[in-house]
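Down below is the structure, laid out as structure tokens.
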Amino acid sequence: MLHNFLGTLTSRYSDWYGYWLFGFVVSDLERLDHDLLSPVAGSLDGTPLAGSRDDTPLAHLRSLATIKFQEQLSKARLDPIRIRKATLILERLPGRVEVQYNPYTDPYTTSGYRMRFMVSAITDLGKVYECEQIVAVAPHDRAHEFQSARFK
């Protein structure tokens with residue numbers, strides 16, 4: 001379930017106004033610790049609800065992570081009451097990497113970062129589960145990135 005959560009969270013479907021969400025937060029984010037059991041407000045289509053706290057990429061990331069975690073619990077038929085604690089940690093790792101985008105349509109390479117996504121969950125019985133994924137992320141560049149057709 002945790003592996004599926006990270007795959008879903010880091011996918012292209014995690015967007016902000018139709019662009020991949022993580023390109024908007026990678027430059028300023030050194031580390032984020034997020035309680036995945038926290039209440040959530042906002043929309044899932046990459047557009048913040050008017051007047052909501054979900055009106056920045058980082059706030060949207062928090063809301064989206066919580067929602068996607070709840071969705072994966074449901075898909076795995078796990079009762080949320082069985083989860084005592086669930087935490088997502090995002091870290092921008094040191095150093096820069098080359099990131100390649102649009103290899104088939106408009107190939108270009110840019111400088112980016114490696115981000116570590118780590119999720120942990122503790123059950124009501126005290127069992128600890130963890131999963132981690134490292135993803136290369138470049139800062140958002142509207143000139144080279146495609147906006148999702150779902151957004152239009």
Which listed residue, of P107, P80, is modelled with pLDDT under 95, in contact with a strand residue (DSSP E or B) (Cβ under 8 Å, 6 or more places away or on another chain) and either within 14 Å of F5 (Cβ to Cβ) or of a type outside the set (V, I, T) (or both): P107
The range 16-34, subset in a loop (DSSP other than H, G, I, E, B) and more than 12 Å from the chain's Cα centre (by Cα), residue farthest from D141 (Cα to Cα): E30
All positions within the range 103-148 that are surrounded by fewer than 16 Cβ atoms within 10 Å (Cβ to Cβ) and either touching a His at 6+ places or on another chain (Cβ under 7 Å) or of a type in the set (D, E) (or both): D106, Y108, D124, E130, E132, D141
Number of the condition not met by L61 [criteria: (1) under 20 Å from E30 (Cβ atoms); (2) in contact with a strand residue (DSSP E or B) (Cβ under 6 Å, 6 or more places away or on another chain); (3) not β-branched (V, I, T)]: (2)
Contacts under 9 angstrom Cβ, first residue in the range 117-134 being without any contact (Cβ under 8 Å) to a residue 24 or more places away in the chain and farther than 12 Å from L90 by Cα, partner hydrophobic (A, V, I, L, M, F, W, C) and part of a strand (DSSP E or B), 6 or more apart: K127/A121; V128/A121; V128/I122
Residue check for R53: surrounded by fewer than 16 Cβ atoms within 10 Å (Cβ to Cβ), of a type in the set (K, R), on the phi < 0 side of the Ramachandran plot and modelled with pLDDT under 95: yes
Options L9, L73, L37: the member that is under 19 Å from H140 (Cβ atoms) and modelled with pLDDT of 95 or more: L9
Test for T87: is it free of Cβ contacts under 8 Å to residues at least 12 places away in the same chain, among the polar types (S, T, N, Q) and under 20 Å from F22 (Cα atoms): no
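The values are calculated or read from the model by the stated rules, or taken from the named source; none is laboratory data. Keep in mind that this is a model prediction, so the values were computed, not measured. When we count neighbours, we look across all protein chains shown, and the Cβ atoms used for this are built from the backbone with ideal geometry, even at glycine.
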